[in-house]
Amino acid sequence: MPDLLSVRNLKIEATSYPPGEPPKTVTLVENVSFDVQKGKVLGLIGESGAGKSTIGLSALAYGRGGASITGGQVLINGKDILALDRNGIRTIRGCKVCYVAQSAAAAFNPAHRLGEQVIEASLRHKIMSREDAEKRALYLFRVLGLPNPETFGQRYPHQVSGGQLQRAMTAMALCPNPELIVFDEPTTALDVTTQIDVLAAIKHAIEETHTAALYITHDLAVVAQISDDIMVLRHGKTVEYGTTKQIIEAPNEDYTRALVSVRQTKREEAHDQSNTLLKIEHISAGYANGFKVLHDVSMHLPKGQTLAIVGESGSGKSTLARVITGLLPPSEGKITFDGKELPKALRSRTKEELRRVQMIYQMADTAMNPRQTVRDIIGRPISFYYGLHGAKKTERVKQLLDQIEMGDRFLDRYPAELSGGQKQRVAIARALAAKPELILCDEPTSALDPLVAEGILNLLLKLQEETAVSYVFITHDIAIVRAIADSVAVMHRGKLVRFGPKSKVLSPPFDDYTDLLLKSVPEMEIGWLEKVLTTRRMESAGN
Amino acid sequence: MAALGPESGPALTTGTVAGGESLPQTGTLSGTAALPAAGKVTGTFWRRFTLRRPLAALIIQRLGLSVGLLFAVSLMIFGGVEALPGDFATTYLGQSATPQAVENIRKDLGLDRPLTERYVTWLSGAVKGDFGKSWASKNSVSEQIGKRLGNSLFLAFFAAIVSVPLAVALGMLAVQYRNRLPDKIINVVSLAAISLPEFFVGYLLILFFAVQLGVATFPATVYDSMGFGERLSAIALPVATLVLVVLAHMMRMTRAAILNVMSSAYVETAELKGLGAFRIIAKHAAPNAVAPVINVIALNLAYLVVGVVVVEVVFVYPGMGQYMVDAVTVRDMPVVQACGLIFAAFYIFLNMAADILAILANPRLRHPR
């Protein structure tokens, strides 16, 4: 009996149109082969651009954005789906193979109710009657632990949370009883505490329905919980392919070893509390429509140190950064910077006060003008704050490029010509150009691949040693906090849950929320998910 | 798309239409963002209402905005007509215009009263549907306009029921065959139609269908005594001209709006569900593309009512446009003012309707959390 899915020597190419040059063909995936048996899960792992999603979509004979499969075979139950015509392919998609997208929020049609969308494929392919499909949807909503499963299907996508949407997307994929599901980073956009629920729900649903799956992610710790086999990819080629146990415990390749052992950065916590740079006292803030986001938040940061603010989305950590910068004036409380109270609103701050606090954003892409060169982007604060022009300005830009380990050959590049990590480095140089005393880093590494993120963190630490700059580092990633913070503030629903030196905050006794947060961070250990779920169940039984 | 409306939205209520062109035609997706701003304008009751019933609040806001705009437009029409050079009395009397005779006519028409007083009298009459008497014919303006307006709307209505479905259908077709032959043919033909001046299109149609083939009637004049069928055949050519003129704009907007949506993740989801191409366009893309399309349709409908002057003249059709042109030549101010106000009202009303429909088409506003 043939394997459910066999991919043989897959080759995928795309045509790119670089400006001012003739179109050229880029190879996205080359010579990739693997098999998935019925009821088994294969994890595809690698950094962005490794071709994971492209390979996943090839199981549906689909090429995203001009990519086309130019070689090899994709066999489902021994039949090559690449040889099928349009209508033949339609009988595979949404019927035998289903797809779960990374961003369920974007993948659901905002104009239709969730229930209709979940059962649509089953009805259109005449797999079951409307009544049966609705029954099955209800069953799946229950299995996936969605709230009020009876009425959940009546709601529109914007009426439910991101975690619920991701589970609804899984329900949509499971509904037609497919033989294979392609999960494309289904938990990447979620908070850790939500991720663990979705992971458990997916795992449970796969076991319950005996569906095979391709699980695509860049997080090895996540894939270790769910898959039977793992394939490590890089630049569209296979690096290593083996059982989960072998990849996690005895990787053969250097690249895999680097992935398994990422986050070596560790820093001793500074204890000097004498020289306070930033002091936040009883800050409350909200938006014009009366929605209050921050409730009575206080914390402080000594000079030359790093304060990490941790929390899930919606916890108010980015709002706090907006309050510190003055973009959002607080309704109560005050901010003291270097012994002097800062005016609440951005407009009433002096140029000097503005210069001393700079910011780095999560998306370096959107934070830079795509029509300006690196020289202009970094040069702007230099001429704005220091009035330097011409050769002197260029000199300073070159010096900054050196500091971020990039060099002057990047001077006249546009953001589009830089990689994700390079863009974030340029953003850091732009912040540094003002010679600030405090840099607010709003999740600067969360959009980057682990190895690249590691490089950015090391750079930030090196710059701190050289210039004694202080950081407020906003993140949802506990591992980063462990690596770089001196003091830690845990936020939840706009309130400060816990604040203090890293060693105290991250060691027991914990409050309930910090405990949940710490326990939800996936660990690179097979069986971790079951362990956590069992303890949870025991705890709730004990209560 | 044009999410620009919100910030300036509420401030407009007082009628600051200095440019005269700032009709509420943007704000396709203005809905969500307008909420907090509206809350600031008036007290706590309005703010609470906005948060609880965002949809009703937005619609009330649009209605208020339209009334304010109409008021501002009435001021501008009155002021503009007042500022026009030339004078009814001199034109009317021609060679025999002695200062005494001119003075008498001016007194007769009440032109010696102060400007504000005349404006208030005119506006209070207009609100009740009474636009005064025509200076030239001494007949009631409302009565005459009533018939003409009916004719214009008749023409516009038939042009609309042909062009709107045709434009949307062609737009969808163009999407399905995008960048292939059918798409290109639709594009070229509709572009050619919009590029030719409407009077030229009109004369071409007359030349072929009325003169050479003899299948259509010309002139397209309609009378009270005509039956419905006769009327329809009479307006066939002007309707065809209008359809050709407005079709391309709506078709291209439909195509662009749907194509814009076609690259979204949820259309990919639909494709990966193995749905058919037409179902994807009609069920998954179109509902999310209605807002911009509705706006273009409203603009074109407004054009059908307001901008048909040339077509009416070419086809000798007794509609509003011709009536207004005649009145302008003899400086018959009550008629000009009445026509101007009615045109403005149509324009504002259609754009308001488009705004409200676009708001209703947004599920986030229809079904708040």
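The values are calculated or read from the model by the stated rules, or taken from the named source; none is laboratory data. These numbers were taken from a predicted model, which means no experiment stands behind them. Neighbour counts are summed over all protein chains in view; Cβ atoms, including those assigned to glycine, are modelled from backbone coordinates with ideal geometry.
Listed by position, the helices (runs of 4 or more DSSP H) contained in segment A:93-169 that have at least 1 residues being within 9 Å of another protein chain (Cβ to nearest Cβ) and of a type outside the set (Phe, Trp, Tyr) are A:104-107, A:114-124.
The helices (runs of 4 or more DSSP H) falling completely within segment B:85-183 that include 1 or more residues that are modelled with pLDDT of 85 or more and not small (Gly, Ala, Ser) map to B:115-127, B:141-176. Criterion first (assigned to a helix (DSSP H, G or I) and either more than 14 Å from every other protein chain (Cβ to nearest Cβ) or β-branched (Val, Ile, Thr) (or both)) does A:ILE196 satisfy it? So A:ILE196 fits the description; yes. Residues of segment B:323-343 that are crowded, with 21+ Cβ neighbours inside 10 Å, under 22 Å from B:PRO238 (Cα atoms), more than 16 Å from the chain's Cα centre (by Cα) and not hydroxyl-bearing (Ser, Thr, Tyr): B:MET324 alone. Residues in segment A:79-137 that are of a type in the set (Ser, Thr, Tyr) and farther than 22 Å from B:PRO363 by Cα: A:THR91, A:TYR99, A:SER122, A:SER129. For segment A:389-403, state whether one or more residues are in a loop (DSSP other than H, G, I, E, B) and buried (at least 16 other Cβ atoms within 10 Å of the Cβ). The answer is no, given that none of the residues of segment A:389-403 is in a loop (DSSP other than H, G, I, E, B) and buried (at least 16 other Cβ atoms within 10 Å of the Cβ).
Identify, please: which residue in segment B:250-280 is of a type in the set (Gly, Ala, Ser) and part of a helix (DSSP H, G or I) and is, among those, farthest from the other protein chains (Cβ to nearest Cβ)? Step through it out loud before you land on a result.
Here is the first cut: in segment B:250-280, the ones of a type in the set (Gly, Ala, Ser) are B:256-257, B:263-265, B:270, B:274, B:276-277.
Checking the rest, the ones that are also part of a helix (DSSP H, G or I) come to B:256-257, B:265, B:270, B:277.
On the way: B:ALA256: 18, B:ALA257: 13, B:ALA265: 4, B:ALA270: 7, B:ALA277: 9 Å.
Across segment B:250-280, the extreme among qualifying residues is B:ALA256.
If I ask for residues that are surrounded by fewer than 19 Cβ atoms within 10 Å (Cβ to Cβ) and not aromatic (Phe, Trp, Tyr), which ones from segment B:263-292 would you list?
So the first thing to find is which residues in segment B:263-292 are surrounded by fewer than 19 Cβ atoms within 10 Å (Cβ to Cβ), and the list is B:263-265, B:276-279, B:282-283, B:287.
Once the filter is applied, which keeps residues that are surrounded by fewer than 19 Cβ atoms within 10 Å (Cβ to Cβ) and not aromatic (Phe, Trp, Tyr), segment B:263-292 yields B:SER263, B:SER264, B:ALA265, B:GLY276, B:ALA277, B:ARG279, B:ALA282, B:LYS283, B:PRO287.
Scanning segment A:241-253 for residues that are without any contact (Cβ under 8 Å) to a residue 40 or more places away in the chain and crowded, with 20+ Cβ neighbours inside 10 Å yields A:ILE247, A:PRO251.
Among the criteria (1) within 27 Å of the chain's Cα centre (by Cα); (2) free of Cβ contacts under 8 Å to residues at least 12 places away in the same chain, the one A:PRO110 does not fulfil is (2).
Matching residues to (1) more than 14 Å from every other protein chain (Cβ to nearest Cβ); (2) under 30 Å from B:LYS138 (Cβ atoms):
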position: B:VAL290; (1), (2): no, no
position: B:VAL296; (1), (2): yes, no
position: B:VAL306; (1), (2): yes, yes
position: B:ILE342; (1), (2): yes, yes
position: B:LEU350; (1), (2): yes, no
position: B:ALA361; (1), (2): no, no
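What is the residue count in segment A:371-399 for residues that are of a type in the set (Asp, Glu) and in contact with a helix residue (DSSP H, G or I) (Cβ under 8 Å, 6 or more places away or on another chain)?
The first filter runs over segment A:371-399 and keeps only residues of a type in the set (Asp, Glu), leaving A:376, A:395.
Now narrow it down to the ones that are in contact with a helix residue (DSSP H, G or I) (Cβ under 8 Å, 6 or more places away or on another chain): none.
The total comes to 0.
Summed over segment A:55-85, the residues that are on the phi > 0 side of the Ramachandran plot and away from chain B (no Cβ under 12 Å) give a count of 3. Of all the listed residues (A:ALA308, A:ALA285, A:ALA321, A:ALA224), the sole one being in contact with a Phe, Trp or Tyr (Cβ under 9 Å, 6 or more places away or on another chain), of a type outside the set (Val, Ile, Thr), away from chain B (no Cβ under 14 Å) and closer than 23 Å to A:GLN362 by Cβ is A:ALA308. Output yes when any residue across segment A:20-42 is under 24 Å from A:SER6 (Cα atoms), surrounded by fewer than 24 Cβ atoms within 10 Å (Cβ to Cβ), at the interface with another protein chain (Cβ under 10 Å from one of its Cβ atoms) and in contact (Cβ under 8 Å) with a residue 24 or more places away in the chain, and no when none is. Within segment A:20-42 (the criterion being under 24 Å from A:SER6 (Cα atoms), surrounded by fewer than 24 Cβ atoms within 10 Å (Cβ to Cβ), at the interface with another protein chain (Cβ under 10 Å from one of its Cβ atoms) and in contact (Cβ under 8 Å) with a residue 24 or more places away in the chain), the answer is no, since none of the residues qualifies.
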